[in-house]
Amino acid sequence: MTDLEKVRLKADEIKIAKHYGKVGQALKLFEEFGECEEALRGYINGTDTKEHAIEEIADVEVMLDQFKYYFLNCEKQVEDIKRAKVDRQLLRMEAEK
């Protein structure tokens, strides 16, 4: 995806977020979480496809992007927290050796 396509995608996600509002999209996010869990479980146990799991991951990411908008463009804060959590887990893994 080009930078221009990424900008357009973000603008379109914001348009959807504004249209449906936080409550409506929170309910949709819960639905998408469930569908993603089901697809991943199916993939793991061999009753569903990798492609379906990827599609459901994308649905969840679209919804999460909308909540980053609702939370006043908190992308940097989310990235910083992700980095700290990954670093913490790497330390735990190192301690397991």
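Key figures
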{"quantity": "Those residues of segment 55-71 which are surrounded by 13 or more Cβ atoms within 10 Å (Cβ to Cβ) and aromatic (F, W, Y), in sequence order", "calculated": "F67, Y69, Y70"}
{"quantity": "Residue in segment 42-55 that is touching a Leu at 6+ places or on another chain (Cβ under 7 Å) and on the phi < 0 side of the Ramachandran plot present", "calculated": "yes"}
{"quantity": "Count of segment 15-54 residues which are acidic (D, E), open to solvent by less than 100 Å² (accessible area, probe 1.4 Å), over 15 Å from F67 (Cα atoms) and in a helix (DSSP H, G or I)", "calculated": "2"}
{"quantity": "In segment 64-97, the residues that are part of a loop (DSSP other than H, G, I, E, B) and either polar (S, T, N, Q) or under 25 Å from A26 (Cβ atoms) (or both)", "calculated": "F71, L72, N73, C74"}
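The values are calculated or read from the model by the stated rules, or taken from the named source; none is laboratory data. As the structure is a computational prediction, the values presented were derived from the model and not from experiment. Ideal geometry is used to build each Cβ from the backbone, glycine not excepted, and the neighbour counts take in all protein chains shown. For accessibility, only protein heavy atoms count, side chains too; no ligands or nucleic acids. Shrake-Rupley method; radii C 1.70, N 1.55, O 1.52, S 1.80 Å.
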